[in-house]
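Structure record follows, encoded as structure tokens.
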Amino acid sequence: MSAAYCLAAPGNPLHGRYHDDEYGFPSRDEAVLFERLVLEINQAGLSWATILRKRAAFRAAFADFNVDEVAAFGAADTERLMTDAGIIRNRLKIAAVIDNARRIRELRREYGSFAGWLDSHHPRPREEWVRLFKKTFRFTGGEIVNEFLMSLGYLRGAHEPSCPIYARIAALDPPWVEKRSERGEPG
């Protein structure tokens, strides 16, 4: 998103709630994390408005973003999804969502959760995050990774400092907030 999002989204019937109550807010809930990854993957090449309009259909198509259920999807599920007009019918994106659910299950074994994996790699610069995501997941280019991480508070930039939502998010101590030691130095 851009700085213009903080100007245009508030009060907008499509973007307002997402801007005011979700975008940039930290979450550890695996379904929320997976949903955001699914939506960002599917947004590639399309507008965010298109994705928000199709959000309920994505939720239904991908089992309420239950990682275990999606990881168990097989060929018949892929074909079912390819005929679902409510979502983005792109075979590469559908395969990426299913494979990424399987990868999240694998990450649980080592890190306890998807959030645990993210936390174990924080902080790092955007470029390193992109390399890590490309090594770990499918269909995760620079913009997808950047928006995913900003949307969950791992990277700064979801809101302008002048946006009232910025202060609400900063008060929640998201990962991007710079921690200071007792001497006042970054810690």
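Values in this text are rule-based calculations from the coordinates and carry no lab data. Since the structure is predicted, the reported quantities are computational estimates derived from the model, not experimental observations.
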Compute the relative contact order of the chain as a whole-number percentage, counting only Cα pairs closer than 8 Å that sit 6 or more residues apart in sequence.
-> 27 percent
Scalar couplings 3J(HN,Hα) for the range 153-163 by Karplus 6.51 cos²θ - 1.76 cosθ + 1.60 (θ = phi - 60°), nearest whole Hz, x for Gly and Pro, are x, 7, 10, 5, x, 5, 9, 5, x, 7, 6
Each residue of the range 18-32 in order: what ³J(HN,Hα) in whole Hz does its phi give by Karplus 6.51 cos²θ - 1.76 cosθ + 1.60, θ = phi - 60°, with x for Gly and Pro?
-> 4, 4, 7, 10, 10, 5, x, 6, x, 8, 10, 5, 4, 5, 5
Once amide H atoms are built 1.01 Å from N in the peptide plane, which residues 5 or more positions from Leu155, or in another chain, come under 5 Å H to H?
-> Met150
List, largest first, the extents of the alpha carbons of the chain along their principal axes, each in whole Å.
-> 58, 41, 24
3J(HN,Hα) from dihedral phi, the range 133-143, Karplus parametrisation 6.51/-1.76/1.60, rounded to Hz, x for glycine, proline = 5, 5, 6, 9, 10, 9, 6, 10, x, x, 5
Quick one: angle between helix 91-111 and the longest Cα principal axis of the chain, in degrees between 0 and 90, rounded to 10, please.
-> 60 degrees
For Arg138, list long-range residues whose amide hydrogen, built 1.01 Å from N in the peptide plane, is under 5 Å from its own amide hydrogen.
-> Asn100
